[in-house]
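In what follows, a single structure is set out as structure tokens and then discussed.
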Amino acid sequence: MFEYIKGNVVEINPAYAVIDVGGMGYVVNVSLYTYAKLEGLKNVLLFIHQVIRDDAHLLYGFITKSERELFRQLISVSGVGPNTARLILSSLSAEEISQAIMQGDVNTLKQVKGIGLKTAQRIVVDLKDKVGKSLDDQDIFAPLNNTLKQEALSALVMLGFTKSVAEKSIDKLLKKNPSYSVESLIKDALKGL
């Protein structure tokens, strides 16, 4: 099991980063929070969670240990896989997830695509006692000024949405507020899809 990867950022987008470590490039799946923190950095350290399946070895990277811990707690719930956990971490801030679990607010969790009533209830029941009292990153979506449509669209397509549906949602949001950051735009688009 890997603890972390430290290396140079070769490529980054809202869904994954390619990290060069000693001449070998690792594709590391990231949440929007980690993406926001990595943008503009050349040398990074990501805390890793490795998923080994019959058909793939996948790496999920997090800028903080607390985000990785929340990810691991989410995937421990029956019916929540790594991609769903990453989608939850991209749709809601760690603080919102933690509060929803502690308060038993299944409606907040149901806002995430792919999370139905039963899964939301399971998350609350399974994690109510486990969720950390303080997640050290409360501002999960720090605003960035280098946006827009193509990066948001690329992220939504990589998260499994069809291009046309995602594009309509993004266009609608940009009409209302043209000064979105990429992260805010993706977050609001996820809520609307």
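Net length available on complete extension from E95 to V165 is 22.3 nm, with 0.36 nm assigned per residue and the Cα-Cα distance removed. Using a simple spin-label model with pseudo-atoms 7 Å out from Cα toward Cβ, K176 and L45 lie 4.0 nm apart. Between F2 and V125, the modelled label-to-label distance comes to 3.5 nm, taking each label 7 Å out from Cα in the direction of the beta carbon.
Seen from all directions on average, region 144-193 presents a Cα convex hull projection of 2.9 nm². Between P178, P82, P14, the residue with the greatest mean-square fluctuation in the GNM of the chain (Cα pairs under 10 Å linked by springs) is P178. Using r as the Cβ-Cβ distance of R72 and L148, and R0 as 45 Å, what FRET efficiency do you calculate, to the nearest 0.05? Once the sixth-power term is evaluated, E becomes 0.85.
Using the empirical formula 2.2 N^0.38 Å as the baseline, the Cα radius of gyration of the chain reaches a ratio of 0.99. Straight-line cross-link partners of K130 among the lysines, defined as a Cα under 27 Å from its Cα and at least 8 positions apart when in the same chain: K37, K65, K110, K113, K118, K187, K191. Within the listed set L159, L70, L117, the Gaussian network model of the chain (springs between alpha-carbon atoms below 10 Å) gives the highest mean-square fluctuation for L117.
Read-outs throughout are calculated quantities, based only on the coordinates presented, and are distinct from any laboratory measurement. Keep in mind that what you see is a predicted model, and the values were worked out from it rather than measured. Please note: Cβ atoms are built from the backbone with ideal geometry, for glycine as well, and neighbour counts cover all protein chains shown.
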